[in-house]
Amino acid sequence: MLRHKDSIRLSAVDQRLFEALTGPGQPTPTTVADYNQRLRLAAQSWSQARTRDERHLGEIASGLLLDEHDHAAVIDHHRLARVRH
């Protein structure tokens, strides 16, 4: 993922993970706010799932949320990382 302030660009891997959690066929998010909103909706939806594995997907979605106020926060190997300047 690349990030500049509130703008983001997902890598191919990030995009596949995002679609697996939020559903296919939607436009790729280009802002942190859109990315987070869709992940929050997915987390809420997955939390109502029947199986423990499906509910775990909600936890994963929540774990991928970006800090909207920290412009250095990005996803790096499934964890939040700070970009070193």
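The values are calculated or read from the model by the stated rules, or taken from the named source; none is laboratory data. On a predicted model such as this, the values are computed, not experimentally measured, just so you know. No Cβ is skipped: glycine too gets one built from the backbone with ideal geometry, and neighbour counts run over all protein chains shown. When the accessible area is computed, the model is the full protein with side chains, heavy atoms only, and any ligands, DNA or RNA have been set aside. Shrake-Rupley method; radii C 1.70, N 1.55, O 1.52, S 1.80 Å.
When nucleic acids and ligands are ignored and a 1.4 Å probe is applied, residue 4 ends up with an accessible area of around 130 Å².
For residue 48, neighbours were defined as the other residues whose beta-carbon sits under 15 Å from its Cβ, and their charges (Lys and Arg +1, Asp and Glu -1) total +1.
If you plug the beta carbon distance of residue 69 and residue 41 into 1/(1 + (r/R0)^6) with R0 = 25 Å, you get a FRET efficiency near 0.75.
Loop-located trypsin sites (Lys or Arg not before Pro) in the stretch 21-57 (DSSP state other than H, G, I, E, B) with a sparse environment of at most 15 neighbouring Cβ atoms within 10 Å: 50.
Site pair residue 53 and residue 16 shows an inter-label distance of 1.8 nm when each label is modelled 7 Å from Cα along Cα→Cβ. For the chain, the C-alpha radius of gyration sits at 1.06 times the compact-globule guess of 2.2 N^0.38 Å, with N the residue count. The calculated 222 nm mean residue ellipticity attributable to helices in the chain amounts to -14500 deg cm²/dmol, summing -39500 (n - 2.57) over DSSP H runs of n ≥ 4 and dividing by all residues.
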